[in-house]
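The values are calculated or read from the model by the stated rules, or taken from the named source; none is laboratory data. Bear in mind that the values here come from a model prediction, so they are computed numbers and not experimental data. Here the Cβ positions follow ideal geometry from the backbone for every residue, glycine too, while neighbour counts run over all protein chains shown. Accessible surface areas use protein heavy atoms only, side chains included; no ligands, DNA or RNA. Shrake-Rupley method; radii C 1.70, N 1.55, O 1.52, S 1.80 Å.
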Amino acid sequence: MKDLFGKAIYDFQTNNKPEDIITETSISEEDEMSVAYLFRSYDEMPKLEQKALQLSFGKILDVGCGAGSHSLSLQNDRNLDVTSIDISEKAIETCQLRGLKNSIVKDILSFEGEKFDTILLLMNGTGIFGKLENCNAYLLKLKSLLNPGGQILIDSSDIIYMFDEDEDGGKWIPSDNDYYGELTFNLSYKGEKEETFNWLYLDYNTLQNAANANGLQCELILEGEHYDYLAKLSL
């Protein structure tokens, strides 16, 4: 991967002429994303993210931390012990420049040696699963990193609204066997294109079923204004 997302984050942090990130998915046309949004303060965050941070306690793991805004809020505003991980080297470099005390380049599936009271996966946290078939592997890994009484706070969206209604009022979804929340993403930044990658949006019922199948309780914490939700998984 070219790590264009990380490059954009690093450019913004270092004032190196940052530009918008261009995103395109298998079901949507090109859209622009402001890199500045990734550097938002707690007050600028959506209510789902604020709620997740309010519920966070103890020793925390922030998975896919990006520019580190969630971790920084927990570290600086609440003096909590936060470990932040991302597969992007430039994102982690940015987190370190912003003052995060414990941020490392790591894939969650290879993370070992510690357990946590709260594990955060925000900004469509299910996205890193890639495909529905990978849910078990990720949920079992996350489960293995929880302390007794711990929690996984994860958000996603039910993107069924993206598909057209037919004349009977039903939704048209792809006719093959793929789950409708499985998308492929393309990123472009400063004229350079990233390799295509898989990204998963999970409706709440599917997440709940997957959690239960892997020995986790699943609770709907909050619903957003646009088909998004925050869920809590626990032992």
Binned at 10 Å starting from 0, the alpha-carbon pair-distance distribution of the stretch 71-154 in whole percents comes out as 16, 48, 33, 4
Charge context of S144, other residues only, Cβ under 10 angstrom, K/R +1, D/E -1: +2
I'd like the carbon and sulfur percentage of the solvent accessible area for the chain, probe radius 1.4 Å, heavy atoms only, ligands and nucleic acids excluded. 45
If the chain between K115 and R78 were fully extended at 0.36 nm per residue, the gain over the current Cα-Cα distance would be 11.3 nm
So, relative contact order of the stretch 90-156 in percent, Cα under 8 Å, 6 or more apart, is 42
The chain, Gaussian network, Cα under 10 Å: of N134, N198, N102, the residue fluctuating most is N134
Could you compute the net charge surrounding D117? Neighbours are other residues with a C-beta less than 15 Å from the C-beta of D117; K and R count +1, D and E count -1. +2
In the stretch 45-82, which residues have a backbone nitrogen under 17 Å from the label point lying 7 Å from M1's Cα in the Cα-to-Cβ direction? 62-69
On a straight-distance basis, which aspartates and glutamates could pair with K90 in a cross-link, Cα separation under 13 angstrom, same-chain partners fewer than 8 positions away excluded? D3, D11
Where the stretch 76-235 is the region considered: accessible area per residue in Å², 1.4 Å probe: 51
Kirkwood hydrodynamic radius over Cα pairs of the stretch 70-224, then Stokes diffusion coefficient at 4 °C and 1.567 mPa s, in µm²/s: 74
For the chain the mean separation of alpha carbon contacts under 8 Å (6+ apart) over residue count, i.e. relative contact order in percent, is 21
To make sure I understand the rule: partners must be lysines, Cα under 23 Å from the Cα of K59, and not fewer than 8 residues away in the same chain. Which ones qualify? K47, K51, K101, K106, K115, K141, K143, K232
For the stretch 27-153, calculate the relative contact order in percent as a whole number, restricting contacts to Cα pairs under 8 Å that are 6 or more residues apart. 23
DSSP beta bridge pairing in the chain, given as percent antiparallel to the nearest 5: 65
